[in-house]
Amino acid sequence: MSYPPFELGKSRYDLNTYWGRFLHFMNIIDPRTLFVSNSKLNECQQLLEQYQSKTLPPGITDKDLWEAQKVVQAILHPDTGHKIFMPFRMAGYVPFGTPIVVGLLMPDPTLKQIIFWQWLNQSHNAGVNYANRNATQHTPVSKFAIGYLSAVTVSVSIAVGLTMAIRRAKSLPPTLKTVVQRFVPLPAVACASTCNVLFMRFHELYEGIEVLDEQNKPIGVSKLAAKKALTEMAMTRAFLPVPILFFPPVIMLAFEKNLLRRFPRLSLPLNTLACTLSFGLALPMSIALFPQKSKVATNELEKEIQAKTQLPYVYFNKGL
């Protein structure tokens with residue numbers, strides 16, 4: 001794909017459109033960035049610093065600069081500048097999350113297996129939510145711990161409750177009961193994932209988050225901006241599990257009628273492939289619903305913020 005003229009802190013794609021954000025996040029979650037060495041990361045940071053100070057060496061192209069920014073954005077937190085732990089990066093969400101999805105979609109799981117995979121899934125989600133949070137305001141780790149325990153409790157309770165209800169449903173034919181059982185993880189994970197991000201970041205509602213001008217200069221702290229950020233994050237998390245946990249069971253049910261009856265050993269590889277493909281598309285589809293750097297009208301925020309700026313709009317990092 002062609003590379004437009006480089007702009008520091010901007011995107012190669014039009015973030016005002018859903019398709020542009022989809023392509024942007026497809027670029028950001030490139031799993032190849034997981035293998036970038038520290039020396040390569042330092043080179044990319046140095047290149048961006050040289051661009052900013054107008055001391056670029058000859059021969060550096062727009063492609064070089066866009067790729068350098070991609071590496072930095074994929075590895076470092078935008079607020080803290082610290083490296084994000086590999087499994088909790090957006091680029092690591094699919095590679096590290098796919099085995100968990102496969103476990104969630106195991107046919108006819110035991111209660112112990114349901115509890116284990118729901119716990120592991122929400123633990124991974126909690127790590128991703130914490131690592132990619134808006135970090136402009138300091139928050140004690142204890143508040144995130146409370147959010148994590150709440151999310152795990154919700155997910156396990158819903159999954160176990162639905163499973164037990166279906167197994168005890170005497171009116172359902174055995175075949176239909178098996179099919180319905182395959183889709184139990186969907187409502188459990190959708191509800192729990194939404195609760196996870198709300199519990200993990202609930203403190204932002206009464207502490208607020210930082211709002212910025214177009215040059216990323218802080219203007220003040222807003223609770224109303226935090227409410228908007230959490231609303232968008234909750235909608236994103238509610239949508240994310242739908243393609244991941246809906247399409248693989250449908251695909252597997254189609255294969256079970258013929259191919260898997262003759263070759264039952266293909267069940268796990270096919271399930272893993274279906275989960276990986278669904279996950280790989282669902283992640284950018286969901287996080288592209290809203291821009292990461294969201295815009296809000298200044299007159300919709302607190303009077304304290306309105307008094308500090310004449311700008312019609314201000315911005316905030318809602319996290320991922």
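The values are calculated or read from the model by the stated rules, or taken from the named source; none is laboratory data. Fair warning: this is a prediction, and the values are worked out from it, not measured in the lab. Every residue, glycine among them, receives a Cβ derived from its backbone with ideal geometry; neighbour counts consider all protein chains shown. Surface accessibility is based on the protein's heavy atoms, side chains included, excluding ligands, DNA and RNA. Shrake-Rupley method; radii C 1.70, N 1.55, O 1.52, S 1.80 Å.
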Which numbered condition residue 314 fails, given (1) surrounded by 17 or more Cβ atoms within 10 Å (Cβ to Cβ); (2) under 22 Å from the mean Cα position of the chain (by Cα): (2)
The lone exception for residue 51 - which of (1) open to solvent by 50 Å² or more (accessible area, probe 1.4 Å); (2) assigned to a helix (DSSP H, G or I); (3) farther than 22 Å from residue 214 by Cα it fails: (3)
Selected residue (criterion: surrounded by the most Cβ atoms within 10 Å (Cβ to Cβ)) from residues of region 21-44 that are more than 17 Å from the chain's Cα centre (by Cα) and closer than 30 Å to residue 289 by Cβ: 44
Filter result (part of a loop (DSSP other than H, G, I, E, B) and either open to solvent by 60 Å² or more (accessible area, probe 1.4 Å) or in contact with a Pro (Cβ under 9 Å, 6 or more places away or on another chain) (or both)) within region 202-214: 202, 203, 214
Yes/no for residue 12 being crowded, with 17+ Cβ neighbours inside 10 Å and of a type outside the set (A, V, I, L, M, F, W, C): yes
Conditions (1) out of contact with any helix residue (DSSP H, G or I) (no Cβ under 6 Å at 6 or more places or on another chain); (2) of a type outside the set (Asp, Glu); (3) surrounded by 17 or more Cβ atoms within 10 Å (Cβ to Cβ); (4) at pLDDT 85 or above; number of the one not met by residue 92: (1)
Sole residue being among the aromatic types (Phe, Trp, Tyr), buried (at least 19 other Cβ atoms within 10 Å of the Cβ) and either at pLDDT below 80 or under 27 Å from residue 120 (Cα atoms) (or both), chosen from 239, 199, 263: 199
Index of the failed condition, residue 116 passing every other in (1) more than 13 Å from residue 197 (Cα to Cα); (2) modelled with pLDDT under 85; (3) open to solvent by 20 Å² or more (accessible area, probe 1.4 Å): (2)
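Each row is one residue, and each column tells you yes or no for (1) surrounded by 15 or more Cβ atoms within 10 Å (Cβ to Cβ); (2) in contact with a Lys or Arg (Cβ under 7 Å, 6 or more places away or on another chain); (3) outside the structural domain of residue 39 (by the TED database).
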{"position": "62", "(1), (2), (3)": "no, no, no"}
{"position": "72", "(1), (2), (3)": "yes, no, no"}
{"position": "82", "(1), (2), (3)": "no, no, yes"}
{"position": "85", "(1), (2), (3)": "no, no, yes"}
